[in-house]
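Values in this text are rule-based calculations from the coordinates and carry no lab data. The shown structure was predicted, so the numbers you read here are calculated from the model rather than taken from an experiment. Because the Cβ atoms are built from the backbone with ideal geometry, glycine has one as well, and the counts that use them run over all protein chains shown.
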């Protein structure tokens, strides 16, 4: 198991390094400049490039950035908040996006699993039909439509929760956007859980377990659900990163100061450092989640671990 985990960690580190290099190259290929003020002369613009080291070769900038990153320095913003350390811009926004996304993931995964299990155990009944309808609605309707409906109903009409995000009530302000973002995850998990559970329930493995006298919750959770978890985790992993990095439209509806709007503003203003830093954080989160998924594969089904260790 240690060899399996070490191999995955080393692969993840090399992947992150390659991603960072690609980001630097792409930033250089992008049209425009972070210094687009028409009042700037060519000499003034050249001086700014020299000040921030943007006149140096890409490979030199790359290794300088990696060295700074290892020291916790992500550089400074060029346009959004001039000369402000990017770590300061992110540290106030990222926790908010992670909290809302984490709540959405937890809600979507739990409710989705429950709906999927009920639909599989009660197949071809009214419960199966209701779960299927909810899943179809969750997949088909965009999150911002749910956001508008929830904001109007529970924020404006009933006034149970704040309509707009406020730092004075972060938990209460996170409820409606979290529910909005969780709908797609809930629907996706419910659909996959139902299909995988039905396949497992009809397998010879389950017949063998029943013949040994295993029944009830032990049969469902210890045998059926465990064997259905691998494809469910595979579906859930990328959704976690998407939710935890925020949805721009939902952030706009609820006025959430998250990282989604920061990234869009940085791209529009060619703020290279902010774009690279946020893109790298997204990539690191995605690779970190996939690393956890790989390890969970080995825990849930040791055969996967043994086959990968043998390669």
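According to the Kirkwood expression over distinct Cα-Cα pairs, how big is the hydrodynamic radius of segment 52-208, in Å? It would help to have the intermediate numbers written out before the result.
Working: mean 1/r = 0.0521 Å⁻¹.
Averaging 1/r across every pair of different Cα atoms and inverting gives 19.2 Å.
At R0 = 45 Å, how high is the FRET efficiency between residue 88 and residue 114 if r is their beta carbon distance? Nearest 0.05 is fine.
The formula returns an efficiency of 0.65 here.
Roughly what percent of Cα-Cα pairs across segment 227-287 reach past 17 Å?
Across segment 227-287, Cα pairs with separations above 17 Å total 49 percent.
Just to check, using Stokes-Einstein with a Kirkwood Rh over alpha carbon pairs, what's the diffusion coefficient of segment 107-167 at 4 °C and 1.567 mPa s in µm²/s?
Values: Rh = 13.4 Å.
D, rounded to a whole number, is 97 µm²/s.
Taking a quarter of the surface of the Cα convex hull of segment 65-150, what do you get in nm²? Walk me through the numbers before you get to the answer.
Working: hull surface 36.5 nm².
Projected area, direction-averaged: 9.1 nm².
What span do the alpha-carbon atoms of segment 12-91 cover on each of the three principal axes, reported in whole Å from largest to smallest?
So the extents along the principal axes, rounded to whole Å, are 44, 27, 18.
Arrange 144, 65, 152 by Cβ neighbour counts within 10 Å, fewest through most, would you?
By the 10 Å Cβ count, ascending, the order reads 152, 144, 65.
How would 251, 196, 38 line up from fewest to most surrounding beta-carbon atoms within 10 angstrom? Write down the numbers at each step before the final one.
Working: 251 25, 196 21, 38 4.
Ascending number of Cβ neighbours within 10 Å: 38, 196, 251.
For residue 2 and residue 70, what does the FRET efficiency come to when R0 = 25 Å and r is the distance between their Cβ atoms, rounded to the nearest 0.05?
Efficiency at R0 = 25 Å is approximately 0.50.
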